[in-house]
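Taking it in order: structure first as structure tokens, then the write-up.
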Amino acid sequence: MNSGLTDPAFWSRLQFAFTITYHYLFPQLTMGLAWFLVYWKWRALKTGEEKYNQAARFWAKIFGLNFAVGVVTGIPMEFQFGTNWADFSRYSGGVIGQTLAMEGMFAFFLESAFIGALIWGEKRLGPRAHFLAAIAVATGSWLSGYFILVTNAFMQHPVGYTVAPDGSLAIASVSAFLLNPWVIVQFAHNQTAAVVTGAFVITAVGAFYALRGLHPTQTQLYLRAGTLVGLIASLLVAFPTGDQQAKMVGDHQPVTLAAMEGKFVGGPMAGVALIGQPNVAKQRLDNPIEVPGALSFLAYGTFQSYVHGLNEYPQDTWPDNLELLYYAFHIMITLGTIFILLMGYATFEVWRGALPSNRWLLWVLMLAFPFPYIANTLGWMTAELGRQPWLIYGLFHTRDGYSKVVSNGDTIFTLIGFTGLYFVLGLLFLFLVGREISHGPDEEVVASRGEEPFL
Amino acid sequence: MIETWYGVVSFLLIVYVVLDGRNFGVGMLHWLVARNPEERRQVVAAIGPLWSWHEVWLVAFGGTLLAAFPKLMASAFSGYYLALFLILWCLLLRGMALEVGGHIPDRMWQGFWDFVFVVSSFLLAVLFGAAGGNMARGVPLDADQNFSMAFFTDFGVRGNVGLLDWYTVSVALFAVVMLAAHGATYLTLKTDGPVHDRSESYAKWLWLIAVPFLLIISVETWFVRPNLSGHGFNNPFFWLGMIVIVVSGCLLFSGFLRKNEMRAFLGSTFLLAGMLATGAAAIFPVMLFSTLAPENSLTAYSVASGPGSLFMASLWWPVAFVLTGAYFIFISRRYYGKVSIKRDNQGFY
């Protein structure tokens, strides 16, 4: 019923899923790059070496393109709460509207005020103020992420609310709402994952230049920073943040944990499946190869811990797309593990000075950059599919949230529109970023664009 | 409390329309005031990278509306469904045109994005104008606080209305003229050379049309919503808005007469803001009027969040607003002054 093609909730879900997935390809890179820019501007300020400014200048241009696409694809997200999820907005707007408004007022104003200064204002501002602009942009982009994640954390694990006389939700405790234990873990996990994306993209560009023998000074800078930060961030994504995230799911959404792992039957010594396809009809994993006890240990601390199985819950409380949830989670974990190994090896090669001659590894690093995007997307799919069938976990069903007055035809039309627009936008973005990368960082001391435009 | 939040939400929307409205105006006049590629870059540079900062006011409006008046956002946005997505798509295209149009110094590339800029700006002025007309006229809200509207029905203003009728179309046309006049006034202040001279003469003509047009729209509105003025006369903000309109009208007039461009621009800005504020005060407390039955109308009191949520928002909102003011000062100091072809044609914009 829930995924039937005649179900209005299905089309609104599909549209939201598509537009948010597409949108988040861009902010994850800006959030991932932001602190690299701050770091290079800081190094430039301290050492006075021009190469750091060149790196910051080059990546600020990539950042700017990402920021622009992030802005134009982000605005429809906020409006879809009203257009497609009217009953959800009626029910919870007094709570989730707070953080959406805060994102605009605190974070987005900050970021958009200083982004122009960061990209075009180097000469006019002077090195110190330009460094501060980089900090302002980085702070704005991460604050933005925080407020959006508070909103999501409330939907995953509602706290600090009260039910008003008319049945809608209202804020009861500001601090409980903003410092939801869920958001602390989720923010750490999500932000380190964004840094992984940033590190992989910087490494990939470095590897491309290294293979071509271009821009040697910059190449060295990108490869060193990219691989080391990539290794640290990949480790942090898995432990402690990913580990804590899974424990949080185990504590508050046990049925979701069971679905993520394809645990149809509960018990102690629950294993983590390395291989195995969930078969919902027969309620089992096909040809499972498991690490025994691993799930019990990871989720609850001992090998003997009891892990709940799906059979303990009525089927209408299971996440409604169990297979997709299972694969999203497992492929994310697999990719995360590969990131640690790849970046560990690359960091080792950098350390012993062998990376420039290791062409195989450079090729792999160059081609690896899409995978953190995939892992980030799968992580969000795990979070959002795992929350089903609830819009707000335990409080409000997804099937109750959509706009009753919007016909399927309207939603299908706008979904087609978004698909077409975003396809063209994607081509345009790739073309422009490709152009910047092939143009490369400016080697001369002053940017070749001549006098800074007077805006 | 609810009255204050009605004011805050109106304020955010008004600031957005005043700031981005001038960009729509600039966009509509783009081909008329700029006759060669250099001049076109100059016009785009007059907006500069600020468009995203202007759009944040729309984001802030959307978020604050959801926090303070969730039931209004739910009813209005789902009811205006297709129209709202057309606005979002035009904003997307307009943003991309401004952002990437100057990236490649090539005539085909820039010509294409200039086209996108002009068309999306025009459509945005029409769509926002029609939306404003719909707010004033009302929508077919049923007893469940829902409505879903066709693009057009019988072009009448009562009962089962559509998005477009004779009234909302005339408001949309007025928005085109008004925002074009506002944009031309901005370009007069912000540019030099031939673009400046052309903008100045367009601005004069457009204002000469806009002012009588405003009177026509007022009379129409009085016909479409006869009881509006009754509401408005008892609201001090209505009179405050009226005073702002008159004073800024004088500023505008004397600004053009004395060639004081800043004065004319301030007049134009506050005239637009005063008009919208007067409208917001006149409809209060009804936020969305029902053309089917007045008792179905959504008032600020019936759609507001609970007191707890409004109280929380009152704690953080002023802090955020002060910070925003600080960024505004930073931005306007940095971008103060005219843009000219000579200095600006080497950059991205």
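No value in this document is a laboratory result; all are computed from the given coordinates. Just so it is clear, the model here is predicted, and its values are computed rather than measured. For neighbour counting, all protein chains shown are included, and Cβ atoms are generated from backbone atoms with ideal geometry for every residue, glycine included.
So which of A:K46/B:K190; A:K123/B:K190; A:K61/B:K190; A:K247/B:K71 end up more than 29 Å apart by C-alpha? A:K46/B:K190; A:K247/B:K71, as the Cα separations exceed 29 Å there.
Rg ratio for region B:1-105: its Cα radius of gyration over 2.2 N^0.38 Å, N being its residue count, equals 1.27. Globularity index of the protein assembly as shown is 0.98 (Cα radius of gyration / 2.2 N^0.38 Å, N = number of residues).
So, in Å, what gap is there between the alpha-carbon centers of region B:157-176 and region A:254-323? If we compute the Cα centre of each part, the gap is 58 Å.
Annotation: amide H-H contacts under 5 Å for A:V307 (H modelled 1.01 Å from N, sequence separation of 5 or more, or interchain): A:G267, A:A270. For chain A, the orientation-averaged shadow of the C-alpha convex hull comes to 23.5 nm² (one quarter of the hull surface). Pair-distance distribution of region A:231-282: all C-alpha pairs, bin width 5 Å, starting at 0; shares per bin in whole percent are 5, 16, 21, 23, 17, 11, 4, 2, 0. Shown in residue order for region B:325-331 are the 3J(HN,Hα) couplings computed by the Karplus curve 6.51 cos²θ - 1.76 cosθ + 1.60 at θ = phi - 60°: x, 5, 5, 4, 5, 4, 5 Hz (x for Gly and Pro).
The dipole here belongs to the protein assembly as shown: it is taken about the Cα centre, uses +1 on the Cβ of Lys and Arg and -1 on the Cβ of Asp and Glu, and is about 1900 debye. Peptide B:146-157 is shielded by partner chain Cβ atoms: per residue, an average of 1 of them sit within 10 Å of its Cβ. Residues whose amide H comes within less than 5 Å of that of B:L288, counting only those at least five positions distant or on another chain, are B:L298 (H built at 1.01 Å from N in the peptide plane). Rg and Dmax, both from the Cα atoms of region A:1-98 and both in Å, are 19.7, 64. Counting only aspartates and glutamates at least 8 places from A:K263 when in the same chain, those with an alpha carbon closer than 20 Å to its own are A:D243, A:D251, A:D286, A:E290, A:E312, A:D316, A:D320, A:E323, A:E384. For region A:69-226, dividing the convex hull volume of the Cα atoms by the residue count gives 144 Å³ per residue. For region B:242-320, the alpha carbon convex hull comes to 121 Å³ per residue, rounded to a whole number.
Partners of B:K259 within straight-line reach, counting aspartates and glutamates whose Cα lies under 20 Å from its Cα and excluding those fewer than 8 residues away in the same chain: B:D192, B:D197, B:E200. Kirkwood radius for region A:229-343, taken over all pairs of different Cα atoms as the inverse mean of 1/r, rounds to 14.5 Å. So what is the relative contact order of chain A, in percent, for Cα pairs below 8 Å that sit 6 or more residues apart? Relative contact order for chain A comes out at 20 percent.
Across region A:302-455, Cα-Cα pairs farther apart than 20 Å form 75% of the total.
Expressed to the nearest 5 percent, the antiparallel share of DSSP beta bridges inside the protein assembly as shown is 80 percent.
Residue-normalised convex hull volume from the C-alpha trace of region B:2-344: 129 Å³ per residue.
In this structure, the amide hydrogen of A:W390, modeled 1.01 Å from its nitrogen in the peptide plane, lies closer than 5 angstrom to those of A:T398, counting only residues at least 5 positions away or on a different chain.
The convex hull built on the alpha-carbon positions of region B:35-162 has an orientation-averaged projected area of 9.5 nm².
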